Structures are given as C-alpha cells and as structure tokens.
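Accompanying notes for the structure given below.
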Amino acid sequence: MAKQSNKIIFITGGVVSSLGKGICTASLGALLSAHGLKISILKMDPYLNVDPGTMSPFQHGEVFVTSDGAETDLDLGNYERFTGVKMYRENNLTTGQVYSTVIANERRGDYLGATVQVIPHITDEIISRIKKNASSVDVLLVEVGGTVGDIESLPFLEAIRQISLDPEIGFQNTCYVHLTLVPHLHAADEVKTKPTQHSLSTLRSIGIQADFVICRSEKTIDDSNLKKIAMFSNLNPSSVISIGYYQTIYEIPLALQQQNLNRAVLNRLNLPQTVCKIDPWIDLVKRTKKVKNSIATIYLIGKYIDNGSAYLSLIEALKHAGLVTETNVNIESIDSESITNVEMLSFLHNKKNIGIVIPGGFGIRGIIGKKLAISHARINHIPILGICLGLQLMLIESLQSNGIIPDATSTEFDQSTTSPVVSLISEWKTEHGIKKQTFNSDKGSSMRLGSYKCRLKSGSKIHDIYQQDIISERHRHRYEVNPFYEKEISQSGLMITGRDVDNNLIEVIESVNHPWFVGVQFHPEFQSNPFTGNAIFNNFIKTIAQS
Ligand code: GLN
C-alpha cells in the first residue's frame, strides 16, 4: 500500500476539452523525471467502456497499446514518449473498470450486506487504485479525463478530494493542478478570465482547491490578468502560469520549467530542490527548430483521417524520424476511400523524395484505395511501409497482381473465400510449423495484443534496419498471414524476413526487387520517441530523403 513518502499530483481540466491536458501531464512528469524522481502516470477516464479497445477510431482517435497488451487511451502514448517510463494496463482506469470490480465484489458478498453506493464504494475503489499506482514510485501524476463540471467525472473528483484527507497520503503529499482555457476575443482583442474563474469555483464547490493553475491561451496573458485569476482562486500570482501554442508539443516541458512549475511543485510536496537535468529537452527543441536541408513527403493512405488523432503515434513516429535524420517531414493524409482508380494517383508521378504509408485498420472499407496505392508504389519503386493491415494488403496485392492467386484475400473481407491468405488462426487448414497456439484470434475473444519477439532474417533489409536478430514490437490484430501460402508468397516476389520467435507466425515481408517495400505485422509507432525515433521509421525517412 501507499506510504507517507508517496506523492500524488492530480491534473484536472476546465472550460473545454482538448486543451492538451495529456501533454501537460506528460511534460510535468518529464520535468520531475529530470529531477531524478521515479514517476508514473495514471489516466482516469470517466467513460463506461472498460477500455477504449471497442471504440471507433473515428470517434475516439487512436487506441494506444502497452507492452503488456492493454488497449488504452492515447494519452498513455504521450506519457511514454515524454517520460520514457513504460505504461501498463494499470495506468489507465475507466469508470467501466471501477464499476465492474465493485459489482463483482457485491455479487461475492464482499460488502457484508451493506447498501452499495457511489460514495463510499465507487470512490473507495478509485482511491485504492490510485494508491496502488502510487506505491511503487516517488511521484504519481494522475490525469482526470474530461472537464470539471461533467456529471460522469464527479466520483473521480470526489475520490481525489478524499485522498488528501487519507491518513496514508494526506494533504502534504497531494497537489492539484488545474489546466484551463483563457479565451482571446478577437473583436475586443482581450483575453477573458471569467470562464477560468468559474471553472476554479466549480472545482472549489466540489471541495478541491487548486494549488496551481495553468492557463492556455492564444495570446500572452499579462500579469494583471494572471493576478486576477490568482486573487479569485485563493492563490499566489506565482502559482498561476500561462502557456501558449507552440510549434511542437515538445516545447511544453521547457515552457513549464521556465515558469518554475517543477520547482514550485517540489516545494509544495516537500521534495528536495535537486538539479533539473533539462539539457536533453533543450537540445530536442533546438533540433525541432533547426533548418533542415533534406525533405521527405509521406502520403498516409488511411481511412480514419477525419479524426486528427486516429494515427497519433504513427504521425509522431514519422516526425521523430525527421528529427533523428534531420529531415523536414511533410505528412499528407489521403482518405483511402477517395482513391477509386489508379489514375487518381498520377499526381505522384515524377515527384521526388516521397514515400507511402499504409497504416493499420479494421474492416473492408477503404481497402481498394490502399491496394491501389500499394500497386502504384510497387510498380513505380516508391518507398512504402505497410503496418498491420498494411502488411496484409501488401501481401494480397502482390499475390493478386502477379496472377499467383487472383482471388487472394483476407477472411476479414470475405468469410467464404477459397483463398484465405490472411485469416484467423482457427481458420487455417494446417498447422505448418506453428508450435503452439498461445492466444485465440477469433472475433469476440482477445486479439493478439502487446509485445512479442520477432526473429529477423540475417541479410534482409529489416535486419539491416534494426541491426538485431531479435526485436520486440507491439501488436494489435486478429488476423495473421496464413502459412499455407508460403510458397505462393515467395513466387509473388515477396520475402518473409521476420517471424514470431515463439509461434513462427509471419511478421515481416519485403519485396526482393524494390528499393524499400516493407510490411510489418506489428506497430513500430508505439515504441518511437522524439530522442531516438524508431529504427524502421528512421531508415524509411532517411531513404526517402536521399532518393
Ligand atoms: N484488421 C486487421 C486484423 O485484425 C489489422 C489490424 C490492424 O491493422 N491493427 O488483423
């Protein structure tokens, strides 16, 4: 359980959503890590889903997969990228999880005949999860999803209020940070503090006094307005800071540090004022601003492009590769459903320094456009990276176009096909080298999720990229390449160059006569960070910049 020395910082949001609460939380976490503290981050999401795995990417954006195979909120990706601290299943708590546990306890009779209520049973469960997360670190940051004032976040806010009274934690070990919007009215050319005052007052009516307020605004907020917010929220003016909008999100840790938030938080939590090793962040921001001589334009052919965060980790990974290889990376998203014939891709002819990415996805919608883009890249020797569904479509396209299996498909698109080159393991006709089935890939049960080891073929492009025999990357899929068709796959000009270490499943394919045609069953984007990138994206971008 939690000890007196465990510190907990709660981050709430006010006025509007999408203010960058996840980035601020991750940035504060990065600063505290830079002070040498062992930190972790918990995201509490007030929705009833047990996890976001079943939510549509159109609505919810990306589902981030942790190494232990949890499908989590995309903020966990930001936490990992900013702090380098690995997130696990327990780092994302939802109302659905809390209620499932409490109801299961009630059915078992654990509450000894009590009337089971939101307070104390739901709040106690939330508190116990927070304390469990806090017990193994110096500082736990807890981001409360949603906006203060939402009905569904009330039990979470009540729980975080009670924690400062908890004898195991206490007021001296808890701190509350509120992130709000201070709108700028163009007509009057004024910033307005009233919504923030109201939001802080709503927080106080729940019993929470913010210790720090971070105001997000398009315009610099002058001292008099910061003082006004401080005065109306019982705070010192130095506890109210303002951040604007930056060229990249990686400037936020420095923006917070320049306003001493890290030191003020250490002070509030009675932690020693150690040196903040901020140099890697200064260097990173310098690299983001450095004028780059080389360029790479990436055409991302996806179907969830209307939601700006559906491909968040992927877009970040491409940008990281640009930072690592000193390349200006331009990302053009194209709706795969809008590509209905090959002529529509003629605009790519004679373009230099371009590459195509076919990202992961689910279902038949949009696959025609993706396959056309794969054909175009294969024939015109344009570098192309296929991820998960992207790999599956590369395989199908090659088998079809080369006339090896004209009706090759996946059972995800056609359940009655006689050529299931991609299918559920349970649909395979033979075992073909599969030692044991450690997971069930059928719909309705678990997908293949989380980190798996993959052996790379020596002498292959992928081996050259990673410079390792065995790599570990994260997965999120039900369907697999059917090993029954291995002979046909090699006849189509593709090489199998990566296989799952334990199950021999086909995980990497590449074209023998193409400069850069690689498909991977895993999602390398989940393990990229702005400091080192990820080998596969770094190599892809470098190749394009030099092409
Ligand atoms: N829909 C495919 C599968 O489940 C691919 C999933 C993905 O791209 N993440 O296997």
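Quick notes on this one:
- Residues of region 379-396 that are at negative phi and within 15 Å of the ligand (Cβ to nearest atom): Leu385, Gly386, Ile387, Leu389, Gly390, Leu391, Gln392, Leu393, Met394, Leu395, Ile396.
- Within region 55-74, residues that are touching a residue at least 60 places away in the same chain (Cβ under 8 Å) have Cβ atoms under 7 Å from residues that are open to solvent by less than 20 Å² (accessible area, probe 1.4 Å) and among the acidic types (Asp, Glu) in these pairs: Phe64/Asp73; Asp73/Asp45; Leu74/Glu62, counting only partners at least 6 apart in sequence or on another chain.
- For region 336-384, residues that are open to solvent by 50 Å² or more (accessible area, probe 1.4 Å), charged (D, E, K, R) and within 15 Å of Ile305 (Cβ to Cβ) total 2.
- Glu343 at pLDDT below 95, away from the ligand (no atom under 12 Å from the Cβ) and closer than 28 Å to Ala408 by Cα: yes
- Selected residue (criterion: nearest to the chain's Cα centre (by Cα)) from residues of region 7-37 that are open to solvent by 20 Å² or more (accessible area, probe 1.4 Å) and under 19 Å from Ile243 (Cα atoms): Ile23
- Checked against the criterion of being surrounded by fewer than 20 Cβ atoms within 10 Å (Cβ to Cβ), more than 24 Å from Ala134 (Cα to Cα) and in contact with a strand residue (DSSP E or B) (Cβ under 8 Å, 6 or more places away or on another chain), region 193-203 contains one or more residues that satisfy it.
- Region 479-506, residues that are modelled with pLDDT of 95 or more and farther than 21 Å from Ser398 by Cα: Asp500, Val501
- Residues that are within 16 Å of the ligand (Cβ to nearest atom) and polar (S, T, N, Q), drawn from region 451-480: Ser451
- Filter result for Ser100 (open to solvent by 40 Å² or more (accessible area, probe 1.4 Å) and either at positive phi or in contact (Cβ under 8 Å) with a residue 24 or more places away in the chain (or both)): yes
- Lone qualifier among Ser233, Ser199 - being hydroxyl-bearing (Ser, Thr, Tyr) and within 27 Å of Leu312 (Cβ to Cβ): Ser199
Conditions (1) within 15 Å of the ligand (Cβ to nearest atom); (2) in contact with a helix residue (DSSP H, G or I) (Cβ under 6 Å, 6 or more places away or on another chain), marked per residue:
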{"site": "Ile295", "(1), (2)": "no, no"}
{"site": "Leu300", "(1), (2)": "yes, no"}
{"site": "Lys303", "(1), (2)": "yes, yes"}
{"site": "Asp306", "(1), (2)": "no, no"}
{"site": "Ala321", "(1), (2)": "no, yes"}
{"site": "Val329", "(1), (2)": "no, yes"}
{"site": "Ile334", "(1), (2)": "no, no"}
{"site": "Pro359", "(1), (2)": "yes, yes"}
{"site": "Ile364", "(1), (2)": "yes, no"}
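- Residues being surrounded by fewer than 23 Cβ atoms within 10 Å (Cβ to Cβ), closer than 25 Å to Ser338 by Cβ and of a type in the set (Ser, Thr, Tyr) - total across region 288-310: 2
- Among the residues of region 461-492, those identified as under 28 Å from Lys542 (Cα atoms), surrounded by fewer than 18 Cβ atoms within 10 Å (Cβ to Cβ) and in contact with a Ser or Thr (Cβ under 9 Å, 6 or more places away or on another chain) are Asp469, Ser472.
- All of Ile151, Ile127, Ile160 fail the test of being of a type in the set (A, V, I, L, M), free of Cβ contacts under 8 Å to residues at least 40 places away in the same chain and not in a loop (DSSP other than H, G, I, E, B), apart from Ile127.
- Arg268 being closer than 30 Å to Glu316 by Cβ and of a type in the set (D, E, K, R): no
- Of the residues contained in region 528-543, one or more are found to be at pLDDT 95 or above and within 16 Å of the ligand (Cβ to nearest atom).
This table checks each residue for (1) closer than 24 Å to Ser199 by Cβ; (2) in a helix (DSSP H, G or I).
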| site | (1), (2) |
| --- | --- |
| Ala26 | yes, yes |
| Gly36 | no, no |
| Met44 | yes, no |
| Phe82 | no, yes |
| Ser100 | no, yes |
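- Tally, over region 412-447, of residues that are within 16 Å of the ligand (Cβ to nearest atom), closer than 19 Å to His475 by Cα and either at pLDDT below 80 or of a type in the set (S, T, N, Q) (or both): 11
- Any hit, region 47-68, residues being open to solvent by 10 Å² or more (accessible area, probe 1.4 Å), closer than 27 Å to Asp124 by Cα and either in a strand (DSSP E or B) or small (Gly, Ala, Ser) (or both): yes
- None of Leu179, Leu261 is in contact (Cβ under 8 Å) with a residue 40 or more places away in the chain and touching a Gly at 6+ places or on another chain (Cβ under 8 Å) except Leu179.
The values are calculated or read from the model by the stated rules, or taken from the named source; none is laboratory data. A quick note: this is a predicted structure, and the numbers were derived from the prediction, not measured. Cβ sites come from the backbone with ideal geometry, for glycine too, and all protein chains shown count toward neighbours. Ligands, DNA and RNA are excluded from the accessible area calculation, which covers all protein heavy atoms including side chains. Shrake-Rupley method; radii C 1.70, N 1.55, O 1.52, S 1.80 Å.
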